[in-house]
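Rule-based calculations on the coordinates, nothing more; no lab input. Keep in mind that this is a model prediction, so the values were computed, not measured. Here the Cβ is made from the backbone with ideal geometry for all residues, glycine too, and neighbour counts use every protein chain on show.
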Amino acid sequence: MDVETLNKLIASEPAVAVYFSAHNCGVCHALRPKVEALFSKEFPAAKFIHIEIDKSPGVSGEYGVFSAPTLLVFFEGKEFLRKVRLMGIQELHDIIERPYKMVF
């Protein structure tokens, strides 16, 4: 995915979660299915996007993502949450639940 496509998606969707990972990051690969499951189960109206930093350096640079894993959550085009490296699934749920309910 390129920067322009992602920018349009964030601007047009009410909620977008962007998960950045790196090819050689074990934590990224272990955490991704859990984060994806959280969004598909608890926040199904939010669009979930996965981006590999190594394959899309322009996108990660544009969004200031230089370490992995990083999760960015946007509501109505504005960055609401930025979690880098350490993130608990329950913590993510608790932080995202209220604004998600307000938007949907």
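Worth a mention:
- Percentage, to the nearest whole number, of Cα pairs in the chain over 23 Å apart: 20
- Summarising the label geometry, the points placed 7 Å from Cα in the beta-carbon direction at residue 85 and residue 34 lie 1.6 nm from one another.
- Entries in 8/78; 55/78; 34/78 that, when Cα-Cα distance is taken, lie over 22 Å: 55/78; 34/78
- Taking the centroid of alpha carbons for each part, segment 18-37 and segment 39-73 are 9 Å apart.
- Per-residue [θ]222 nm for the chain (sum of -39500 (n - 2.57) over DSSP H runs n ≥ 4, rounded to 500): -14500 deg cm²/dmol
- Residue-span extension gain [residue 76 to residue 4] - 0.36 nm each, minus C-alpha spacing: 24.2 nm
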